[in-house]
Amino acid sequence: MPKKEERGKKIALVLFELVQDTMAAEEALKRAGYEIQAVAPPPEVRVGCDLALLIDATVQVGIERALREFAIPFIGVIFPKMIDLRPLDVLKEFDYGNWLMVRCGNMKVIFDKRTGVIVNISGGGCSDVPNLARSLMGKKLAEAPAPRTMGYSLCAYTCDKAYHRALEIWQQGRV
Amino acid sequence: MLVLAGTVPFKGLPLKQGVARFDDDFAIGDNFALPAAELMHCTTAMIATATIACRALGTDPPYAVIAGCLGEGDGSKLVYRFLAEQAEALQPKVLTLHYILPIRLAAEKFIESLRHWKNKPILIADAGGMYVMKPAGFAGDFDLMTPDPGEMAFLADPDAIHPAYVRHFISEVDLTAIPRLIKEAYEHHNAPRVLLVKGNTDYIVRDGEIVATVSEPDIPAMECIGGTGDTITGLVSALAYAGYDLVEAALYASRINRIAGLLTNPTPATRIAEIIRHIPAAIEQVLKGVEYVAA
């Protein structure tokens, strides 16, 4: 069973219509210094491919203002008693000799350790995955567009995490 | 008729439907074509593979239904609507749902419609088709799904709404994990009649019982190659349409896919189009009972 934690009313969830908006909000709010976490929304408000942001309820007003300033649309803020805290950024690396595969969730980014070129994107099943693959494959990690700038789904979210870990490994010369 | 449905990564492409062809180019009907070398992993790789397999098996080619969707949902909605309102008229014997944005309400309309069809087809789901049907509670309406280990964990977890949310990922050395997850998926009624779990070892499951496993030939690079799961789905769809029992179809699909990989001699940089080229020879080897003959 997934771990669920009772947190009373000290935490809140910001809900978004599109995963794409959640991804943009996560990046903008983290850059603004807020401590937040991407989590699954509660079952009663899910519509399909969903991603919410867990926030400290005491800074709700500031976060709502920041989202409006960033022009990132959101549905609203709720205060559920139970939060599903499955992590979305479990990363793992696999060495294939001249290539390295970075997996996050159901998505995998594979790059050539000699050149930093992304050679394959594997996994996923949402409709933005083929476009992500087409846009990333054959490009150098440092020159490729970040998946979160093109994707709409949770597959894009985990692909983005894998891409950024791969980029970090490449830039730090840890290959 | 074998009907294959899903989205393709071409922005604004309206719903296209027609008989699939695979010669120098891959084509659907008269107004969608793609050079064979440009096949990417996704619905097109699945349809191309099924088309090749149907030819090798001596059946008529598949009928494909696609729409462009980069993830914003427009093309996915067109495909769901087609399935709910028009697919029955095609009288499919096998219907496979592939890449698509999970939109619960649209999926519910399709399943509600399907339950009133005069003849229910063999229903197969992979990718987004699986991602939308399981959390909506419709996995049991399907006859076959083809999850990888992470997706198997998603089917096993009654609360997971997407494979991205699965708490624990499968340890590569934990040989007990897949059988445990299979058991849990059936306990929670989140599995179809038959499962083909794709991985280092492929598991073929009927009604919760593992009836076969396939581990050889083992080609580790195939995990890196986007589309190796899509080719399995195309193969199993074509085999089911040719009349193979679903367990048998899954077993052959697993073997054919591995042999196609072996014939390609792939690296992690190999593209799926290269593997697809070897599928006719792989089908011939497997169906004739030839042991592995590498390129």
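Assorted remarks:
- In this structure, B:Asp60 does satisfy being among the acidic types (Asp, Glu) and in contact (Cβ under 8 Å) with a residue 40 or more places away in the chain.
- Of all residue pairs spaced 6 or more apart or on separate chains, those with beta-carbon atoms under 7 Å, a first member in the range B:68-84 that is acidic (Asp, Glu) and a second member that is surrounded by 23 or more Cβ atoms within 10 Å (Cβ to Cβ) are B:Glu72/A:Tyr152.
- The residues on offer are A:Pro147, A:Pro130, and the sole one that is crowded, with 24+ Cβ neighbours inside 10 Å, at the interface with chain B (Cβ under 8 Å from one of its Cβ atoms), free of Cβ contacts under 8 Å to residues at least 24 places away in the same chain and not β-branched (Val, Ile, Thr) is A:Pro130.
- Screening the range A:88-108 for residues that are surrounded by fewer than 16 Cβ atoms within 10 Å (Cβ to Cβ) and without any contact (Cβ under 8 Å) to a residue 60 or more places away in the chain and picking the one that is nearest to A:Cys126 (Cα to Cα) gives A:Lys92.
- Verdict on B:Thr267 being among the β-branched types (Val, Ile, Thr) and surrounded by 21 or more Cβ atoms within 10 Å (Cβ to Cβ): no
- Residue in the range B:45-77 that is farthest from the other protein chains (Cβ to nearest Cβ), counting only those that are in contact with an Asp or Glu (Cβ under 8 Å, 6 or more places away or on another chain) and under 28 Å from B:Leu287 (Cβ atoms): B:Ala56
- Residue in the range A:18-31 that is part of a loop (DSSP other than H, G, I, E, B) and within 11 Å of another protein chain (Cβ to nearest Cβ) present: yes
- Looking only at the range B:104-133, and only at residues there that are more than 11 Å from chain A (Cβ to nearest Cβ) and part of a loop (DSSP other than H, G, I, E, B), the one that is surrounded by the most Cβ atoms within 10 Å (Cβ to Cβ): B:Pro121
- Answer from A:Ala71, A:Ala38 - the residue that is more than 8 Å from chain B (Cβ to nearest Cβ), assigned to a strand (DSSP E or B) and not hydroxyl-bearing (Ser, Thr, Tyr): A:Ala38
Only the coordinates and a few stated rules stand behind these numbers; no lab work does. Everything quoted here is computed from the prediction, not taken from an experiment. Because the Cβ atoms are built from the backbone with ideal geometry, glycine has one as well, and the counts that use them run over all protein chains shown.
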